[in-house]
Amino acid sequence: MWARLADEAPRFFTYYNGIFLLQAMGATLLLSLGGCLAGSFFGLLLVLLRKTKGALFLVPRALAWGFVEFFRRVPPLVVLLLAFFASNLVKMDVSLFLVALVALTFVATAFMAEIIRAGIEGVHPNQWDSAATMNFGYLRTMLTIILPQAWKIILPPAFSFFLLFVKDTAFASQLGTLELTYAGKVLTSRGFTAVLSYGSILVLYFALSYPLARFGAWLEDRLAPSGNH
Amino acid sequence: MPHLEITNLDAAYKSQPVLSGVSLSVEKGEVVSLIGPSGSGKSTLLRVLVGLLPPRKGTVVLDGTPVDYSDQRSLRALRDRCAIVFQQFNLFRNMDVLRNVTIAPVKIKKRDRREVEAEAEALLAKVGLGDKLRAYPSELSGGQQQRVAIARALALRPEILLLDEVTSALDPELVQEVLDIIRLLVGEGMTMLVVSHEMGFVREVSSRVALMSAGAIVEIGSPAQIFDAPKTERAKDFVAKILRAH
Ligand SMILES: Nc1ncnc2c1ncn2[C@@H]1O[C@H](COP(=O)(O)OP(=O)(O)OP(=O)(O)O)[C@@H](O)[C@H]1O
Ligand SMILES: [Mg+2]
């Protein structure tokens, strides 16, 4: 085995394969980062809708609820396949990458909405009541009082989700999106041993998620000792 | 004309009725205390008054103007004139003391920031916290937090102050410092509706005491009448219980 690896390594670690892997890593990075950022943004919007009160927002509230429940329950791979067939059906001329990004963003949005909602509900209800009796409106209460307190409750589960999500982007390979997992398949199909192909993929996934985990830990640390609680 | 007149108020959480036929009028400068067993509806009454729970029935008239709780304008006008302090978690945990006190006057009432800050500093000095302007709630004792909460309520320049067991969550040694502030306000003639378990204090500061039981006011009168010569059976029971407890 070692002999075979040693024999194959010079053919594997070529400039061409390096570029190929870096491109794939870039795609995984974009899918992860794009999905996490867009998912957090749209997840927050959904929560803002869901926490409204009164008949005026009944329909958007119900839609937001439905969206979250649906996309949290359907496996990410199924969402990706659905998005793929939907984009074929309407004959949209969009790249596979974009289809994958949109589908993954749907998934991230649903999960982030739940995480953000739980964080918001962790803030003491008297904070809402105090604000209301001082004539604060809904958005002002949310943005200046509730979210600034909720985000430290949100942060730890959000980062665990981000780390899982980096791995979920691998499902995009099933559509044929060139990202890390797909690159692994391509390399093995070119005859390289799985140890080298998937081994490199593994290292590259780690290179993506480790800094993310460190960043999360750093943010949490920075929050802990501040007077801001 | 009463400052606050409550007539035949009903309220419920979901389908569970909590207040039934509550009537109470509070004159200007009067301190009316609400006492009664746990679950009798004291907090609920205050919550209904400030519009946190819409009443099912009945009327509330503030200074001659009826309050329409289903109308945002009317509700805002009411909240401009009535301030409430809860048992705990009043202060915004993400803001320092000064910002807690100034945010509503500046952002909601659109008053001049410098004027509001000067007033806030004076109020905080009055409650004995002139040196804590930059502290966060988590850096204050429970008693200090409640004193800031009272200062914040006063910064809204309310005509009526509602206090819901503002000392109940405090360690015994911190209760007096908060009661002292309330005494100060009583002395200044602030109209107040106070829920409290501190019976000695209730007796001392109240113009009248209302005893609640099972969502209704069962007896109302001077502190001497309620504590020394209660007329109804419920009131006799309750007073006997608190006497035994002390
Ligand atoms: N958020 C709520 N949802 C449903 N029921 C509630 C809620 N808050 C209070 N209740 C019920 O309403 C009734 C009155 O409660 P309330 O808090 O007004 O009593 P209280 O007199 O303030 O009691 P305490 O002295 O314990 O503070 C109780 O039976 C209580 O269980
Ligand atoms: Mg209560």
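The values are calculated or read from the model by the stated rules, or taken from the named source; none is laboratory data. Quick caveat: nothing in here was measured; it's all calculated off a predicted structure. When we count neighbours, we look across all protein chains shown, and the Cβ atoms used for this are built from the backbone with ideal geometry, even at glycine. Note: areas computed on protein heavy atoms with side chains; ligands, DNA, RNA excluded. Shrake-Rupley method; radii C 1.70, N 1.55, O 1.52, S 1.80 Å.
Here are a few things to note about the model shown:
- Rounded, prolate or oblate (a/c below 1.5 giving rounded, otherwise prolate when a/b exceeds b/c) for chain B by Cα gyration tensor: oblate
- Reduction of at least 40 Å² in accessible surface, 1.4 Å probe, comparing all protein chains with the chain by itself, residues of the range A:108-144: A:His124, A:Asn126, A:Gln127, A:Asp129, A:Ser130, A:Thr133, A:Met134, A:Asn135, A:Phe136, A:Arg140
- Expressed as a whole percent, the accessible area of the range B:120-213 that falls on carbon and sulfur atoms is 47 (1.4 Å probe).
- For chain A, built as a Gaussian network whose Cα springs stay under 10 Å, the top-fluctuating residue of A:Val68, A:Val47, A:Val78: A:Val78
- Per-pair calculated FRET efficiency, R0 = 35 Å: A:Val78 and A:Ala6 via Cβ, rounded to 0.05: 0.25
- P(r) of the protein assembly as shown over all Cα-Cα pairs, binned every 10 Å from zero, in whole percent: 4, 16, 21, 18, 13, 11, 8, 5, 2, 1, 0
- Just checking the listed ones, A:Ala217, A:Ala55, A:Ala108: in the Gaussian network model of chain A with Cα springs under 10 Å, the one fluctuating most is A:Ala55.
- A simple spin-label model places pseudo-atoms 7 Å from Cα toward Cβ; at B:Ser38 and A:Lys167 they are separated by 4.6 nm.
- Count, lysine Cα pairs under 30 Å in chain A, 8 or more residues apart or across chains: 6
- Neighbourhood net charge (13 Å Cβ-Cβ; Lys/Arg +1, Asp/Glu -1) for B:Ser141: -2
- FRET efficiency for A:Ser160 and B:Asp80, using Cβ-Cβ distance with R0 set to 45 Å, rounded to 0.05: 0.50
- Partners for B:Lys236 among lysines (Cα-Cα distance below 21 Å; same-chain residues under 8 apart left out): B:Lys42
- For the range A:2-223, projected area of the alpha-carbon convex hull averaged over all directions, nm²: 15.5 nm²
- Where labels lie 7 Å past Cα in the beta-carbon direction, separation of B:Ala169 and B:Glu233 in nm: 3.8 nm
- For the pair A and B, total buried accessible area rounded to nearest 100 Å², probe 1.4 Å: 2100 Å²
- Chain B - mean residue ellipticity at 222 nm from DSSP helices (-39,500 (n - 2.57) per run, n ≥ 4, rounded to 500): -11500 deg cm²/dmol
- Relative contact order (%) - chain A, alpha-carbon pairs under 8 angstrom, separation at least six: 28 percent
- Contact order relative to length of the range A:94-205, as percent, for alpha carbon pairs under 8 angstrom and 6 or more apart: 27 percent
- Residues considered: B:Gly41, B:Gly143, B:Gly189. Largest GNM mean-square fluctuation over chain B, using C-alpha springs under 10 Å, is found at B:Gly189.
- Solvent-accessible area per residue for the range A:132-229 (1.4 angstrom probe, square angstrom): 46 Å²
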